[in-house]
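The values are calculated or read from the model by the stated rules, or taken from the named source; none is laboratory data. Please read all numbers here as calculations on a predicted model, not as lab measurements. Cβ sites come from the backbone with ideal geometry, for glycine too, and all protein chains shown count toward neighbours.
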Amino acid sequence: MSTAEDGLRYGFGKNWADFIEKNFSEDAVTAAQNRLTEFLRIDSLAGRTFLDIGCGSGLHSLAAYRLGAERVISFDYDQDSVATTERLRRHAGKPANWTVGQGSVLDRPFLEALDKADVVYSWGVLHHTGDMWGAIRNAAIPMKPEGVFYIALYSADAYVDPPAAYWLKIKRRYNLQGPIGKRLMEWWYVWKFHIVPTWKAGGNPLDLMRRSHDRGMVFWTDIRDWLGGYPMDFAGLHETRDFCKTELDLDLVNLATGEGNTEFLFAHLGQNHQWSAIDERRKQLPLEQPFGGFNGAGFTCHIPSLKDTADCNEAPRRSRMMLYEDGRILGLAHSLHDHIAKYGGGRFSHWGEYIYFSASDSSDPNTNRRSYTYCEAF
């Protein structure tokens, strides 16, 4: 996707500057720190170099610094984001081991000139470059052989109703609006895709709007970021996993799905001792057949012993279970049950006493001669 034709590139930096100006708090930093340690499965970043590609607000660079990173390197294409990240660096006391600069992930020589990092981090950035796969390829260049590659990409698997093409039209329209038109579209989006569905599900829309994001962001910042984010590409779970394995020889070692962005953590198994040890402890257990059918491509397996770790109304993304088909990661976790039935494609949900799932090709898992296994905590 090229922006040379239409000049519609969204000014992410202004949105992040506004976020820091109005919503920065120590609670936001703590939330960002907690997400990093949870997903990386570490207690601190002591002794590690953290590279933040597309640093945006600088919040996660600050979180990495607070977690004791030996060195933090932040860069962004957008000068407003660079300025906002530098503002947080000053807030932290201008530490000498944290550098902030301007650069593009599509500039391969720039990436090759960077020092190698233990943690290469790029959350919600690479799909906005106009060349997502090239950006992923370049972003991995500064990763140490024993390091990790932590990226988050908009999920092609999640955006099926409405589909990706619909959202690209909405994003183009939003970026062509003036300030009043943008505000009207923001409220239209919130009404249609947040308030009405929450009401129908019996929830309180105000609770949804007040609740901070678990990465330390806030509701309206995320809305503007979503509607404005252009250029835009969507990435499927399987194609991203296969691209990183084929092109970069990276193994998928951690995964978080169920929201707009799918979070991926890659490493070279065999060179990264932490994740090699974690991977060795993961035991795949068979799903017991026969599987019950609940609708369309959807099937069920009863596992009442895992109810306490399953998703539920109070914790809709609690489960860390991963399903496999013939030993390969199956598909999108935490999926809506009607999406599992309608779209199949390996979508699944661990809810209550049951696993609701679909085969990768939406066939009948009772008769397709494939094995289905699960790991309790991916």
Would you point out the residue of the stretch 252-297, among those that are within 23 Å of Tyr159 (Cα to Cα), of a type outside the set (A, V, I, L, M, F, W, C) and over 13 Å from the mean Cα position of the chain (by Cα), that is surrounded by the fewest Cβ atoms within 10 Å (Cβ to Cβ)? Asn295
Here is a list: Val148, Val160. Which entry is within 24 Å of Leu67 (Cα to Cα) and either crowded, with 16+ Cβ neighbours inside 10 Å or at pLDDT below 95 (or both)? Val148
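For every residue, the table says whether it meets (1) closer than 18 Å to Arg282 by Cβ; (2) surrounded by fewer than 23 Cβ atoms within 10 Å (Cβ to Cβ).
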{"site": "Phe299", "(1), (2)": "no, no"}
{"site": "Asp308", "(1), (2)": "no, yes"}
{"site": "Cys312", "(1), (2)": "no, yes"}
{"site": "Gly327", "(1), (2)": "yes, yes"}
{"site": "Ala333", "(1), (2)": "yes, no"}
{"site": "His339", "(1), (2)": "no, yes"}
{"site": "Gly344", "(1), (2)": "no, yes"}
{"site": "Phe348", "(1), (2)": "yes, no"}
Is it fair to say Gly54 is closer than 23 Å to Glu263 by Cα, crowded, with 18+ Cβ neighbours inside 10 Å and touching a His at 6+ places or on another chain (Cβ under 9 Å)? yes
The one condition in (1) in a helix (DSSP H, G or I); (2) modelled with pLDDT of 95 or more; (3) among the aliphatic types (A, V, I, L, M) that Met209 fails to fulfil: (2)
Note on Asn272: of the conditions (1) under 25 Å from Asn34 (Cβ atoms); (2) without any contact (Cβ under 8 Å) to a residue 12 or more places away in the chain, unmet is (2)
Conditions: (1) over 26 Å from Gly11 (Cβ atoms); (2) surrounded by fewer than 19 Cβ atoms within 10 Å (Cβ to Cβ); (3) β-branched (Val, Ile, Thr). Thr49 meets all but one. Number of the miss? (2)
Among the helices (runs of 4 or more DSSP H) confined wholly to the stretch 110-196, which include 2 or more residues that are within 19 Å of the chain's Cα centre (by Cα) and within 28 Å of Ile53 (Cβ to Cβ)? 132-139, 164-175
Considering only helices (runs of 4 or more DSSP H) wholly within the stretch 24-98, the ones with at least 1 residues that are among the hydroxyl-bearing types (Ser, Thr, Tyr) and within 24 Å of His128 (Cβ to Cβ) are 59-66, 79-91
Does Asn366 meet the test of being closer than 22 Å to Gly203 by Cβ and either surrounded by fewer than 19 Cβ atoms within 10 Å (Cβ to Cβ) or of a type in the set (Phe, Trp, Tyr) (or both)? no
Quick test of your reading of the structure: Ser349 fulfils all but one of (1) touching a residue at least 24 places away in the same chain (Cβ under 8 Å); (2) small (Gly, Ala, Ser); (3) part of a loop (DSSP other than H, G, I, E, B). Name the failing condition by number. (3)
By residue number, the members of the stretch 231-273 that are closer than 17 Å to Leu40 by Cβ and charged (D, E, K, R) are Asp251, Glu263
